[in-house]
Amino acid sequence: MHPETSLPKVFKEFLPIIENALQKIFSEKNKNILEKSMAYSALAKGKRIRPVLALCAYKLFGKEDYETIATSSCALELIHAYSLVHDDLPAMDNDDLRRGVPTNHKVFGDAIAILAGDALQTLGIEMLALYPEGSAFRSRRLKALKVVLSAIGREGMALGQAMDIEEKEEDFDEESLLRMHFLKTGRLIEASLLCGGIWAGAKRREIKLLSDFGKSLGILFQLSDDILDEVSTAEKLGKTPGKDKRDKKTTLVSLWGMEKSIQMVEHYLSECLIALSPFGDKAQDLREIARFVAKRDF
Ligand code: GRG
């Protein structure tokens, strides 16, 4: 779907670790229909930004044993994959194309797609409860699990999705739109960074900086997604472009206009960079990711 050359170089380092861990999770032969449907969406070509962010946050604190957190980082991708499968369903966004291939329900039917989403979410939670392995990680596992559960449930991603579905166009002013996007997209992005920090044993004030960075990165991510929805192609995006406009949805671009949206990309990028500045050179990978999210064209 996308040329790897345009990805920040840290992706080159981490993508093989992530893909390998994902393959292991779905390695059994003679999979049943539920596992086939789960694997279809989880293994489809995504950017893997959430596990990459977790690994970058881990590396930020001087850790180099990336395999230790490979499976738990992939848990974030499983939870993300669940949200995409459910988001694409006819009762939600009703989309036919995702990650360059037909959406899960188009291949497996609505009922199996719902169950695959459910099971991807549960599997992600199970992986967070079990990994990173070992008694040394016991309290960090619990902390990371709590962070993710809070980010995806009734005060996080699921609430953001409900707000997106329920609220009428006229209900969305700038504040409520930003809040909806923070909940729907930003909280899992922020949680991915926090997990990496927690598994590395980061201090409270370091976690706060990661959280500030994650909040701005989440909005930046959504903003670039809205801009791409207007200007990109299905081939580049791997999903249907122009859908927000057709569905008459309020987006950050429809609210601000393209010119202001592009200025706001710069604003949120600089907020990201400010949050990272206390980390100095060690945060170079995260800086590159923020710049990539601001400039990405897929
Ligand atoms: C069903 C509870 C529930 C939530 C769905 C993920 C989501 C919430 C909705 C997807 C709608 C959407 C296009 C949101 C914009 C930001 C976003 C999450 C884009 C997709 O994530 P990427 O770009 O996708 O990381 P890949 O395929 O690269 O992993």
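The values are calculated or read from the model by the stated rules, or taken from the named source; none is laboratory data. Remember, predicted model here, so these are calculated numbers, not experimental data. Every residue, glycine as well, gets a Cβ built from its backbone with ideal geometry; the counts of neighbours run over all protein chains shown. All accessible areas refer to the heavy atoms of the entire protein, side chains included, with ligands and DNA or RNA removed. Shrake-Rupley method; radii C 1.70, N 1.55, O 1.52, S 1.80 Å.
Here the condition is being touching a residue at least 40 places away in the same chain (Cβ under 8 Å), closer than 18 Å to residue 87 by Cβ and open to solvent by 10 Å² or more (accessible area, probe 1.4 Å); of 152, 198, 165, 189, it holds for 165 alone. When each of 107, 10 is tested for being touching a Phe, Trp or Tyr at 6+ places or on another chain (Cβ under 7 Å) and in contact (Cβ under 8 Å) with a residue 60 or more places away in the chain, the lone residue that passes is 107. Out of all the residues in the stretch 84-99, is one or more within 14 Å of the ligand (Cβ to nearest atom), among the small types (Gly, Ala, Ser) and in contact (Cβ under 8 Å) with a residue 24 or more places away in the chain? The answer is no, given that none of the residues of the stretch 84-99 is within 14 Å of the ligand (Cβ to nearest atom), among the small types (Gly, Ala, Ser) and in contact (Cβ under 8 Å) with a residue 24 or more places away in the chain.
Of the helices (runs of 4 or more DSSP H) that lie entirely inside the stretch 171-261, those containing 2 or more residues that are under 17 Å from residue 159 (Cα atoms) span 174-181, 187-200, 204-231. In the set 78, 89, which member is open to solvent by less than 50 Å² (accessible area, probe 1.4 Å) and closer than 30 Å to residue 206 by Cα? Within the list 78, 89, the selection yields 78. Looking at the stretch 133-142, can you tell me whether even one residue there is small (Gly, Ala, Ser) and within 20 Å of the chain's Cα centre (by Cα)? No, that holds for no residue.
The single condition from (1) surrounded by fewer than 17 Cβ atoms within 10 Å (Cβ to Cβ); (2) more than 13 Å from the ligand (Cβ to nearest atom); (3) closer than 22 Å to residue 165 by Cβ that residue 258 fails is (3).
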